[in-house]
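Where a number appears in this text, it was derived from the coordinates with a stated rule and is not lab data. On a predicted model such as this, the values are computed, not experimentally measured, just so you know. Cβ sites come from the backbone with ideal geometry, for glycine too, and all protein chains shown count toward neighbours.
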Amino acid sequence: MKFSHPKNGIYWFGGAPSHYFASAHKRLQDLYSDFWFIYQVKGRADIDALGCNVTGCNNVCVSGFFQAIIAVFNIFLKSKPKVVIVSGVFPPLCMFAIIFSIIFGIKFIYLSDETIYGNYRRSRLLFFLSKLFKTIALHFSHIIIYIGTLNYCNYFMYNERFKAKLVHCPLPFNLNPYEVTSGDNCGDKPRLADCVTFLYVGRLSPEKGVECLFDAAEILLSSGKAKFKIVIVGSGPDVEFLENYCKQLNIEEHVSFVGYLEPPEVAKEYRNADVFVMPSHRDAWCLAIAEAMTFGLPVVAPLWVGSTADLVVHGFNGFLVPNNSGHHLARQMAKFMECPDVLADFSYNSYQIMKARSAHGVSFEEELSHLIDCVLMTARTNL
C-alpha cells in the first residue's frame with residue numbers, strides 16, 4: 001500500500017463507502033487535491049461487492065487489523081494531517097485514527113451515523129469496545145456531525161458538552177440514483193396476497209444478521225406458512241456461510257441470492273418485493289430502509305437500527321421488534337402473510353411518509369452535499 005502523503009491534508013477514515021458516499025468522495029477529490037479517503041474492507045469479497053467504489057485517485061483501501069495500524073501510523077507520522085474525519089468507531093481503522101488523533105494532538109471531526117445499541121450477544125468484548133471508543137470519540141472530537149433522531153437521543157440530549165459541538169445533517173430520504181417515479185408507489189403496484197416476497201438489501205457480513213432472517217423462514221415453514229419467498233440482494237464475506245446455512249435449514253427453495261447489483265437492478269428488486277426486512281444485529285442509519293419505503297415497502301426491523309426512529313412507525317408502516325431473533329421476526333412477517341389488508345395499508349403508509357418528506361425537503365444528493373459542506377466548513381474554518 002503505497003501512496004504519496006500530502007502534508008497538512010484532510011483525511012477521512014471509514015468503512016467501505018456506499019454508491020452515494022463514493023460518488024460524493026469523487027466530487028470532493030475533483031475539488032480538493034488534499035482530500036484523502038482511507039477505507040477498511042474485509043478482503044476481496046468486500047471489494048468485489050462494492051465494485052469500483054473503493055478505487056480511484058486519493059482512495060486507499062486497507063484490509064486487516066495490522067494493515068490498518070500501519071496505514072494510520074504512516075499517515076500520522078509522515079503527513080501530519082491538518083484535520084481527521086472519522087465515520088463511526090468500527091472498523092479498527094477508525095479506532096486507530098481516533099487514538100492517533102488524540103496522541104498527535106490533531107483535531108478530528110466525528111461523523112456519528114451509528115449507535116452502540118444492538119445485539120452483541122455473540123461478543124461482549126465487541127460491545128465493550130464499541131461503547132468505549134464511542135465515548136472516547138464523543139469526548140475528544142472537536143466537532144460532532146450527527147444523523148438521525150436515534151443518535152441524538154442516545155448520546156447528545158443529556159450532555160451539554162456534546163451539544164456545544166454538534167452539527168446536524170438532514171436525513172437522507174429522496175433517492176435519485178433509483179429514479180423513483182409516481183408509478184412506483186404502492187397505489188399503482190399490485191400486491192400478491194398468495195405469495196409474499198420479503199426483501200433484504202445490504203452487505204452479507206456478520207453484523208447484518210441475515211441468518212436471523214433465515215431462522216424466521218424456518219419457523220414460518222414449520223408453522224405451515226409456506227407461501228413466501230426471500231430475496232437477498234448484496235454480497236460480502238458471509239455469502240458462502242449463508243448459502244450453506246440455507247441448506248442446513250432446508251429452506252433453499254424459498255431463498256434467492258441475486259448477488260451484488262447496480263442501482264437500476266436494485267430498483268427492480270424493490271419494485272418486485274412486498275416487504276423489506278432488515279435483521280441487523282446492529283446498524284447505523286441504514287439507508288436501505290429509506291430506499292425500500294420510497295418504493296412503498298413496509299419494514300420489519302429491530303428497534304436499534306438507526307433510521308427506524310425517524311421513518312418507521314410501529315403498526316402503521318412496519319413492525320419494530322425488540323430483538324432480531326428468528327421468532328420475533330417470524331411473528332411480524334407472518335402478519336403480512338395472514339392479512340392482505342395489512343400489507344396494502346402499510347405499503348401505502350410507507351410511500352406516503354416518504355412522499356411527504358420529499359415534498360418538504362430536498363433531494364438526497366443535496367442533503368449529502370450539505371453533509372459534505374458541513375465537513376468542509378468545520379475542517380477548513382472552525383478548526
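Odds and ends about this structure:
- For the listed peptides 243-254, 339-350, a ranking on the average number of other beta carbons within 10 Å per residue, highest first, reads 339-350, 243-254.
- Peptide ranges 285-297, 316-328, 70-82 listed from the most packed, as the mean C-beta count within 10 angstrom indicates: 285-297, 316-328, 70-82
- Between Ala356 and Leu166, residue separation times 0.36 nm minus the direct Cα-Cα distance comes to 65.7 nm.
- Computed about the Cα centre, the dipole magnitude for region 200-311 is approximately 260 debye when only Lys and Arg (+1) and Asp and Glu (-1) carry charge, each at its Cβ.
- Length gained when the stretch Arg271-Ala226 is fully extended (0.36 nm per residue, less Cα-Cα span): 14.0 nm
- In this calculation the C-beta distance from Glu253 to Leu303 is compared with R0 = 30 Å, giving a FRET efficiency of 0.45.
- With a simple spin-label model that places each label point 7 Å from the Cα along the Cα-to-Cβ direction, the separation between Asn323 and Leu126 comes to 1.7 nm.
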